[in-house]
Amino acid sequence: MYMLHRLRVSGFTARVLEAGGDVGGTWYWNRYPGARCDVESLEYSYSFCPEITREWSWSERYAAQPEILRYAGYVADRLNLREDIRFGTRVTGAVYDEDDGCWTVTTEHGAPLRARFLITAVGCLSAANVPDMPGLGSFEGRWHHTGRWPHEGVDFTGERVAVVGTGSSGIQLIPAVAEQAAHVTVFQRTPNFSTPAVNGPLDPARERWFKDNRDALARRARTSPGGFLIEYGERSALEVSPEERLAEFERRWSRGGVGFLAAFSDLLLSEEANRTAADFVRDKIRSIVTDRATAERLVPTGYSIGLKRLCLDTGYYAVYNRPDVTLVDLRETPITEIVPNGIRTAGETFDVDSIVFATGYDAITGALLGMDIRGRGGRRLRDAWAAGPSSYLGLMSAGFPNLFTITGPGSPSVLTNMIVSIEQHVEWIAACLADLERAFGPRALIEAEADAEAAWMDHVRELAEFTLYGRAESWYSGANIAGKPRTFLPYAGGVGNYRTMCDRVAARGYEGFLRTALPEGA
Ligand code: NA7
């Protein structure tokens, strides 16, 4: 939405192709009970438009999905965006024509489109991962994936519901479904770390302060590591006394939010430091969950906190104290098949009326590679990225001229406040296109240089290795999708550093990019 707006402001003609029936992206599709943003609503808002900042008010500290979707709709109305968006239009492929420097974009319906520039904004978590479980076709109840939730909603009243998956989506959904259902059985493969959101009505004084200082706060977020307005601890977790450390974790736990992992500077750099935070959360789980065996099943072990995305919850661990919620540990008894009446594990069969798959996404590259994109010489992006994605600044790939990826692999994306990262990419791309046209005219081409791209990917890898992220066994590194190349996908150096590097590249005449004009007559 912001890219469309910025392109229009720069005088470009742009069309947006959108698979959904309306704006909202992830908030259009993820309509499951309990769905809300992990980033505080005030911060999960556009900063580029003072009118939008002034006019829109959030009701809660963390808005729920319907309110975020209303916000997206309001922005679309305010900027008149819908007239240039074709809804219900899923892109199937895009081919670069070397003769005229144009992209031809094909969709499931309608005639292909031709464009000089192709900008993808397909989301990092939009290609749903529905596990291929034997027997699913025979199931006689209803089943849904959290990321493809029916628009009319699902009423679980009186039902026996199975939930497969305990990532962010499962952790948000399970307490909400437990309020409705007769019984919820949770099938957990790997326990996750979660900290309390501490949600509630938005404090009007905070909203006033935020709106009065929007520009300064946006600058602060843009230059921070994560794009969040949190306190980034500057001391090592290991340099303070155990009492001081505990007090700091308690303070952050009771305040709620994403700031927990920023309590100390080295929680994502040193295993020993990380263990102090992980053990704190493990003890919290044991203190909340009354049944000892259930508590131990919920305690994450064998990996560092933060290497799977830290979840925020509202009443997640406490939900297991309800008599109508059962936890099944799939490490002890894996699912063997889905049967007409429910789920069979190696231990027993659970009769259920509905199954919810909160099983995540083919993250970061799934939606991009879901399209058949072909660059120079007809080379497929899928082939170019067969061993893992390769991109310069997470923005462009050698061999794919005039193709940009917003929050692509190799950019900070999912490690940060997405709105901050999206705004940075949009503004960089818009300036890049304007500079390109000024310098090379209406037949301009821009393409990443292979050497610059290789050096960038080395840098992305170095950062992953320097931090604990290099050890991540999660969707951050493709580990949740069978056969997907293992490589840490986002840039772990922080939005502030990343922005500095992107700006420097532009200031040096787009160093590392080849900029030319298509020859006359071509
Ligand atoms: P996640 O974080 O990828 O979580 C998916 C969960 O589903 C996770 O617990 C997985 O266990 C589990 N899973 C996946 N496949 C299976 C199978 N086949 N059997 C059993 N369990 C399975 O996705 P979310 O939607 O929760 O969150 C994604 C992001 O969206 C989130 O971080 C926010 O940014 C918003 P595993 O850990 O792989 O053993």
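The values are calculated or read from the model by the stated rules, or taken from the named source; none is laboratory data. Values in this document were obtained by computation on a predicted structure and should not be read as measured data. In this analysis, Cβ positions are derived from the backbone assuming ideal geometry, glycine residues included, and neighbour counts consider all displayed protein chains. SASA here: full protein model, heavy atoms, side chains in, ligands and nucleic acids out. Shrake-Rupley method; radii C 1.70, N 1.55, O 1.52, S 1.80 Å.
Which condition breaks for R255 when tested against (1) open to solvent by 40 Å² or more (accessible area, probe 1.4 Å); (2) among the basic types (K, R); (3) within 25 Å of the chain's Cα centre (by Cα); (4) farther than 14 Å from D313 by Cα?
(4)
Looking at segment 353-364, is at least one residue open to solvent by less than 40 Å² (accessible area, probe 1.4 Å), on the phi < 0 side of the Ramachandran plot, in the same structural domain as F139 (by TED's automatic domain parsing) and more than 28 Å from the chain's Cα centre (by Cα)?
No, the conditions are met nowhere in segment 353-364.
Do we find a residue being open to solvent by less than 30 Å² (accessible area, probe 1.4 Å), in contact with a strand residue (DSSP E or B) (Cβ under 9 Å, 6 or more places away or on another chain) and not small (G, A, S) anywhere in segment 467-487?
Within segment 467-487 (the criterion being open to solvent by less than 30 Å² (accessible area, probe 1.4 Å), in contact with a strand residue (DSSP E or B) (Cβ under 9 Å, 6 or more places away or on another chain) and not small (G, A, S)), the answer is no, since none of the residues qualifies.
Matching residues to (1) within 16 Å of the ligand (Cβ to nearest atom); (2) outside any loop (DSSP other than H, G, I, E, B); (3) farther than 30 Å from G257 by Cα:
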position	(1), (2), (3)
P442	no, yes, yes
Y469	yes, yes, no
E473	yes, no, no
P490	yes, no, no
R499	no, yes, no
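Only one of (1) open to solvent by less than 30 Å² (accessible area, probe 1.4 Å); (2) not in a helix (DSSP H, G or I) is not met by V505, so which one is it?
(2)
Of all residues in segment 1-37, how many are surrounded by fewer than 19 Cβ atoms within 10 Å (Cβ to Cβ) and under 15 Å from the mean Cα position of the chain (by Cα)?
Total meeting the criteria: 0.
Which residue out of Q188, Q180 is surrounded by fewer than 22 Cβ atoms within 10 Å (Cβ to Cβ) and within 16 Å of the ligand (Cβ to nearest atom)?
Exactly one residue qualifies, and that residue is Q188.
For segment 306-320, check the following and say yes or no: at least one residue is open to solvent by less than 60 Å² (accessible area, probe 1.4 Å), more than 15 Å from the ligand (Cβ to nearest atom) and of a type in the set (D, E).
No.
Which residues, taken from segment 277-294, are closer than 20 Å to P242 by Cβ, touching a helix residue (DSSP H, G or I) at 6+ places or on another chain (Cβ under 6 Å) and either at pLDDT below 95 or open to solvent by less than 60 Å² (accessible area, probe 1.4 Å) (or both)?
F280, I285
Considering only residues that are of a type in the set (F, W, Y) and outside any helix (DSSP H, G or I), which ones fall in segment 247-279?
Passing the criteria: only F264.
Quick check on segment 131-157: of everything there that is assigned to a loop (DSSP other than H, G, I, E, B), open to solvent by 60 Å² or more (accessible area, probe 1.4 Å) and out of contact with any Lys or Arg (no Cβ under 8 Å at 6 or more places or on another chain), which residue is farthest from the ligand (Cβ to nearest atom)?
T157
Given V240, V198, which one is surrounded by fewer than 21 Cβ atoms within 10 Å (Cβ to Cβ), at positive phi and assigned to a loop (DSSP other than H, G, I, E, B)? First the steps, then the outcome.
Details: V240 fails: at positive phi.
V198 is the lone residue from the list that is surrounded by fewer than 21 Cβ atoms within 10 Å (Cβ to Cβ), at positive phi and assigned to a loop (DSSP other than H, G, I, E, B).
A127 - would you say it is within 16 Å of the chain's Cα centre (by Cα), modelled with pLDDT of 95 or more, within 16 Å of the ligand (Cβ to nearest atom) and under 30 Å from D84 (Cα atoms)?
So A127 fits the description; yes.
Confirm whether V420 is part of a helix (DSSP H, G or I), surrounded by fewer than 21 Cβ atoms within 10 Å (Cβ to Cβ), within 18 Å of the chain's Cα centre (by Cα) and assigned by TED's automatic domain parsing to the domain that holds S474.
Criteria not met by V420.
Taking into account only those residues within segment 101-124 that are assigned to a strand (DSSP E or B) and in contact with a helix residue (DSSP H, G or I) (Cβ under 7 Å, 6 or more places away or on another chain), which is least open to solvent (accessible area, probe 1.4 Å)?
From segment 101-124, those assigned to a strand (DSSP E or B) are 102-107, 113-115, 118-120; that's our starting set.
So of that shortlist, the ones also in contact with a helix residue (DSSP H, G or I) (Cβ under 7 Å, 6 or more places away or on another chain) come out as 119-120.
Details: I119: 43, T120: 9 Å².
Here the residue is T120.
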